[in-house]
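These notes concern the structure reproduced below.
We did not get these values from a lab; they are worked out from the coordinates using the rules stated. Small disclaimer: the values here were computed from a predicted structure and weren't measured. Because the Cβ atoms are built from the backbone with ideal geometry, glycine has one as well, and the counts that use them run over all protein chains shown.
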Amino acid sequence: MYVAVNGTELYFDTEGSALRKGADGHLSEVPTIIALHGGLGFDHGYLRDGVGQLREIAQVVYVDLRGQGRSARPPLETATLEQMADDIAALSSLLGLHKPVVFGHSAGGFVALHVALRHPSLLGGLILAGSSPTVAPIQDEPGVPTPSLAARASADALEVAGKVFSGQITAETIDEFFRFVGPYYAAPGNMGLVERLLAATTPDIEMMRHFMSVIAPSYDLREALKEISVPALVLVGAHDWVCPPRASHAMNKLLPNSELVEFEKSGHFVFSEEPQRFHDVVARFLSGCLEIIA
């Protein structure tokens, strides 16, 4: 499904109805989750495996962010975190969503935080999975382990990663990255699931370059997070080297109304690596958000 917002078209899709019939036969409203993918330069496809299970307790609205996935390709200079946040606010308004909870994975969490900062009255809550308040190194979290790719990966994988992280972003290097480095995004016991997750996603090379060269270098919300008052759930995998635990610990300290949950058997995809625990943790959080909204 497509909707026109802010001079472009966004693709969105849903799982689960907004109204559910209870044991007494009456209809009641369940929470709505707006799910934002990471990358940037990915699309929502990889989220469906784990986040999709939340359809049992919520309506899930997936969005391909501006310039990515099935959404239109406006000029790259319009693809800022601020504009993407405004797009989500506009989509929510057009769909008539009441106090949705915005779920942001990885760089999708960067967008989710901007939604909370720019549209504070819109949200019922935030779920930030494997995300960070900055791409700069976080040094002030003593005692919190910092997993690294170098500690686990083969020499071939490190060579491929070095190309991409140095800015050599082409269709060929990204294909190599998915094949050689992708498995290490998960915890050691879950590496086999990454190929299946990424098979549902089509990378956009231009957006990846734009993110790495323009958006990421200036991203730092550490000073602004104290302004976010909505309930926030911060989730992180103990083996996540992409957005490591110390980033989530820092974010949890900076957000005034947040809870941190660490997944000991997960890497960057907590929702698919420990799906039952993810479901239970989010269900409890949503119950609390409903009480506050009511």
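Of note:
- As a calculated quantity, the FRET efficiency between residue 146 and residue 29 at R0 = 35 Å, using C-beta atoms, amounts to about 0.25.
- Overall form of segment 203-284 per C-alpha gyration tensor (a/c, 1.5; a/b vs b/c): oblate
- The calculated 222 nm mean residue ellipticity attributable to helices in the chain amounts to -9500 deg cm²/dmol, summing -39500 (n - 2.57) over DSSP H runs of n ≥ 4 and dividing by all residues.
- As a calculated quantity, the FRET efficiency between residue 73 and residue 21 at R0 = 51 Å, using C-beta atoms, amounts to about 0.80.
- Pairwise centroid distance, computed over Cα atoms, of segment 152-213 with segment 48-90, Å: 21
- Of the residues 67, 143, 267, the one that moves most in a GNM of the chain with alpha-carbon contacts below 10 Å is 143.
- Kirkwood-Stokes translational diffusion coefficient of segment 19-128, alpha-carbon pairs, 10 °C, 1.306 mPa s, µm²/s: 111
- In straight-distance terms, cross-link reach from residue 99 covers every one of the lysines whose alpha-carbon lies under 29 Å from its own, apart from those fewer than eight places away in the same chain; here that gives 21, 226, 253.
- Result for the chain in a Gaussian network model with C-alpha springs under 10 Å: among 12, 271, 42, the largest mean-square fluctuation is at 12.
- Whole-angstrom gap from segment 225-294 to segment 1-44, using each part's C-alpha centre: 20
- Packing-based exposure ordering (other Cβ within 10 Å, fewest first) of 94, 128: 94, 128
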